[in-house]
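Working notes, beginning with the structure itself.
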Amino acid sequence: MRKVKIITDSCSDLTPELLERYGIDYARMNTVLDGETSPALLEWTPEEVHAFYDKMRAGKRITTTQVPTEEFRAIFEKYLSQDYDIVYVACCSKQSGSVNTARVVAEKMLPDYPGAAIYCIDALNSAMGEGLLSIVAASFVSEGLSADEVAEKVTAMRKNVNEYITVHSLDALARSGRLKASKAFIGNLMGVKPILTADYYGAQTPMKKVRGRQTSLREIVTLLKDAIDEDPKYPILFCHADCKQEEVDEILAMIREAIPNHEICVGYFGPIIGASIGPDAVGVFGIGREVTFGKEAGEN
């Protein structure tokens, strides 16, 4: 059986430690600030994270690009040339065109590698939800599954990724166009904090509003507790957009108290998601029951 490599992208927000631990690689997207384009790297220091979000706090607008065609060619070539099959777990197509670009590139490259396969999967999630699905895929690889088996199982589990995010403001998300929300919701947030989730179709969607930062933090932990599997097979992922360490420690304590026996991995909202979500956002992610939020509304 051929070897299998899991690839994700800059939207996955996986830490360098998690990338190494699970043997995952990622395709680089780009950020653009003041006309300068830079690769969206996940290997950044706390100092670099703080500088990035401080620019946003100062009013700078950072824009992003999807994975360039040449980046896909390079990373696919790297592993195809080593006789790997590839499973690419991509940022939700509601938020990035990268998965479609990858499919086009793969179709053009595979004739040069007889017997090889590339599976491009729309994660129906972004941020550490996408990262968590990549970890699930890597776990299947470690169990000895083939690329087509991994792709099938991961595709079936996409709606079992539960994510809950709270932000200080919806301004960045609204400007980026990555938020599915009514004008009434966006325009009626005085004194309250929104709770966001990835809905049934993968759209980033406000699900409720609560009053105050502390309440919003407790709410996302409660929501995750209610949704998550009791079996601690997969870790809980927790990421933030340059929150103060005291607050990070407080949230960790909340999670540990509410959901004991699960490993908790902490990281940052990376450059791509961060540019859209803004400073001081907090998100928690876990594998659990099937997401049905938004299903009744139908896909728009």
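Every number in this text was worked out from the coordinates using simple rules, so none of it is lab data. If you're wondering where the values come from, they're calculated on a predicted model, not measured in any experiment. Counting neighbours? That spans all protein chains shown, and the Cβs are built from the backbone with ideal geometry, glycine included.
On a 18 Å Cα-Cα criterion, which of the cross-link pairs 209/295; 94/295; 159/193; 94/208 come out too long?
Over 18 Å apart, Cα to Cα: 209/295; 159/193; 94/208.
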Completion exercise
Under the 7 Å Cα-to-Cβ spin-label approximation, residue 77 and residue 93 lie apart by a distance in nanometres of 2.7 nm
Exercise for the section: Using only the C-alpha atoms of region 50-155, find the volume of their convex hull and express it per residue in Å³. Expected result: 126 Å³
Practice task
Would you kindly state how much longer the chain becomes between residue 47 and residue 108 on full extension, computed as 0.36 nm times their sequence separation minus their alpha carbon distance, in nm to one decimal?
Solution key: 17.9 nm
Completion exercise
Shape descriptors of region 2-51 over alpha-carbon atoms, Rg and Dmax in angstrom, are 12.8, 45
Exercise for the section: Mind checking the full-extension length gain between residue 17 and residue 211? Use 0.36 nm per residue of separation minus the Cα-Cα distance, one decimal, nm. Expected result: 66.3 nm
Fill in the blank from the handout: Label model pair residue 61, residue 292: point-to-point distance (7 angstrom along the Cα→beta-carbon line) in nm is 4.0 nm
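How large is the convex hull of the Cα atoms of region 259-300 per residue, expressed in Å³ as a whole number?
Considering the Cα atoms of region 259-300, their hull volume per residue is 135 Å³.
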Fill in the blank from the handout: Quick calc, the chain, dipole around Cα centre from Cβ unit charges on Lys, Arg (+) and Asp, Glu (-), nearest 20 debye, gives 1040 debye
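Where does the chain land at 222 nm, in deg cm²/dmol rounded to the nearest 500, when only DSSP H runs of n ≥ 4 count, each adding -39500 (n - 2.57), divided by all residues?
Calculated at 222 nm, the ellipticity per residue is -11500 deg cm²/dmol.
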Practice task
Can you list which of the GluC sites (Glu not before Pro) found in region 243-285 are DSSP loop residues with at most 13 other C-beta atoms within 10 Å?
Solution key: 263
Exercise for the section: Would you mind estimating how fast the chain diffuses translationally, via Stokes-Einstein at 25 °C and 0.890 mPa s with the Kirkwood radius over Cα pairs, in µm²/s? Expected result: 127 µm²/s
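Give a quick list of GluC sites (Glu not before Pro) in region 1-95 that DSSP marks as loop, anything other than H, G, I, E or B, with at most 10 other Cβ atoms within 10 Å.
Loop-located and lightly packed - 43.
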Problem - Along the chain, longest interval not containing exposed trypsin sites (Lys or Arg not before Pro), exposed being DSSP loop plus at most 16 other Cβ atoms within 10 Å - result: 62-232
